[in-house]
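**Student:** Sending over a structure as structure tokens; questions will come in a sec.
The values are calculated or read from the model by the stated rules, or taken from the named source; none is laboratory data. Given the structure is predicted, the values throughout are model-derived calculations rather than measurements. Note that we place each Cβ from the backbone using ideal geometry, even for glycine, and neighbour counts take in every protein chain shown.
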Amino acid sequence: MTITDVRLFAYRQGPWRGRLNEQPHVDDSVATSATLPPAAARGTGGRLLPTGTTGLLSGARYPQTPVLPATAALPPGDRLGHLLLTAFGLQRREPSNRFNDHRTIASVRSKFPVHAFVLAPDGSSAYLDLYRHALVDLPGTVAPGGELGVLLPDAGEVTVILAARYTDLPTPYGRLRCALGLLELGINLRGLHIAADLLDVRVQQRWGGAEVTAAGRLVAGSGPGAWSPPLVVTLQGLGPLPAGQPLPHAVESGSPHYPEEDARLRLESGHSSLLESAGVTEPLTGLPPGSTEPVRGVPDLPHHDTGTARPDWAEVLWNRTAGRTPEGITGFSARPAVFGEDCLADLLAWSSRPAPGPLAEIARGVRTTVALQRMAGLPTGRYTVVQGRIEPDGTDPGLMQALQDGFSYPLTPGMDCGLRHANAMWVFSADLDAILDEFGPVGWSLLQLWCGWVTHGITTAAAAHGLFARPARSFEEFWMQHLMGLPRELVPVFSVTCGRSRFIEPMLDLRT
């Protein structure tokens, strides 16, 4: 696709969405392909994931890393298993929530469109199936010198491939499925880096070239689906992996079959918006080949003596939430609360942590603006984030209420919107034309990935302080642009709202 094609796509799923009457109206009774394992990942063999991840993460308090030094001895494969569960694992089921289950990462309507594949040095490949608590074997073996051979890791390493399946998101989202899929891909990438820091594992990102092309073939070979271009990373220093074995109960029951779901998947994969998305994101596979130096997902945080004990890492991951409401109410609730300088310092540090490779370059074209209220003793108003610190951009006591008035969650008897009580709303804005002119057609896709990377950093910091963090595209771009004092060329791309939830209830713990 040309720059003009990508520019039109970007504006049609963004600022022009409302004017073109393309706002999604979702019927949640209509099924999607969410949580459906790829057709090739339903076999009877694989590697069980370890138990005890929660206990392991409880052994260190936030923000200490690692929770398990590389020198600590573990059974073969356990470090990888703990890392994957830390990055992507199931956490809980909420009785009053329409959208379950919940994991360590945020996802639209708990659809979790990003899937993880693993390739071992012996050529065996597997799919991460959280509901089977296993790495399920994919058929065949990747051979050195074959078309997928460039993906083979060295001894003691593992290749992890992340890709978003757009059909896991509701069809009425249309083009927005592409943007949200890339955003969640960035969220999952940050989650993987954070987990690697906690488990003392080095992460090396591969961009473009034969590796990414081969990874795309591996993902496509797992079964029908409309997939994003993959992200390919190498986890170093994991040691040997155990051989695959029959998974419990799989021998008797055989491979599961989902004929209706597979038929729907094939049909939806040919949707015109997804064919258009494939062309828009294809430049991601054409980035200059190479690996980037390992980066950390967890920032170096100063010690703040607040007089209260910090939560352990298991509690931080458990606290990660996009907000809650009572049964029968949609949206998110919030109540007024006051937070100190330590909370703001953590949020700034996590939001400013550089992303790997070309994502760090795209960050130069993004302005981060935050609306603050009852935070660190600062007056309510707008602030611009500059190199990990904030600069005042205008006080406005009614800013949060005005932001709520322009949000897509109107306050009604059946819908709550707690933005007026929130402590912070982060807004990422960019000059889309300038980014496309500088980076070419790949610029828009890199921008979505970067927003996902930063978003998961903010949600992690918020969880450490007992705040919800709600990622959202649910705003009218031009109204947001006005309220945040942005120049005309800067278009709001994504937002994250943080605050204290007004609603809480007992929840079903799904952790191991």
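**Student:** Quick check on my filter: what residues within segment 102-129 are among the β-branched types (Val, Ile, Thr), surrounded by 24 or more Cβ atoms within 10 Å (Cβ to Cβ) and part of a strand (DSSP E or B)?
**Tutor:** Val114
**Student:** I'd like the full set of residues that are among the aliphatic types (A, V, I, L, M), buried (at least 18 other Cβ atoms within 10 Å of the Cβ) and part of a loop (DSSP other than H, G, I, E, B), limited to segment 310-335.
**Tutor:** Within segment 310-335, Ala322, Ala334 meet the criteria.
**Student:** Identify the residue in segment 221-245 that is among the aliphatic types (A, V, I, L, M) and within 21 Å of Pro144 (Cβ to Cβ) and, among all such residues, is surrounded by the most Cβ atoms within 10 Å (Cβ to Cβ).
**Tutor:** Among those residues, the one meeting the criterion is Val232.
**Student:** Which one is nearest to Gly174 (Cα to Cα) among residues in segment 458-512 that are part of a helix (DSSP H, G or I) and either polar (S, T, N, Q) or not assigned by TED's automatic domain parsing to the domain that holds Arg353 (or both)?
**Tutor:** In this case the residue turns out to be Gln481.
**Student:** In addition: Which one of these is without any contact (Cβ under 8 Å) to a residue 60 or more places away in the chain and surrounded by fewer than 22 Cβ atoms within 10 Å (Cβ to Cβ): Glu505, Glu489?
**Tutor:** Result: Glu489 is the single residue among Glu505, Glu489 that is without any contact (Cβ under 8 Å) to a residue 60 or more places away in the chain and surrounded by fewer than 22 Cβ atoms within 10 Å (Cβ to Cβ).
**Student:** Scan segment 47-54 and tell me whether some residue there is over 18 Å from Leu247 (Cα atoms) and free of Cβ contacts under 8 Å to residues at least 40 places away in the same chain.
**Tutor:** Checking segment 47-54: not a single residue is over 18 Å from Leu247 (Cα atoms) and free of Cβ contacts under 8 Å to residues at least 40 places away in the same chain.
**Student:** Right, next: Which one is surrounded by the fewest Cβ atoms within 10 Å (Cβ to Cβ) among residues in segment 2-43 that are free of Cβ contacts under 8 Å to residues at least 24 places away in the same chain and not in a loop (DSSP other than H, G, I, E, B)?
**Tutor:** By that ranking, first place goes to Thr4.
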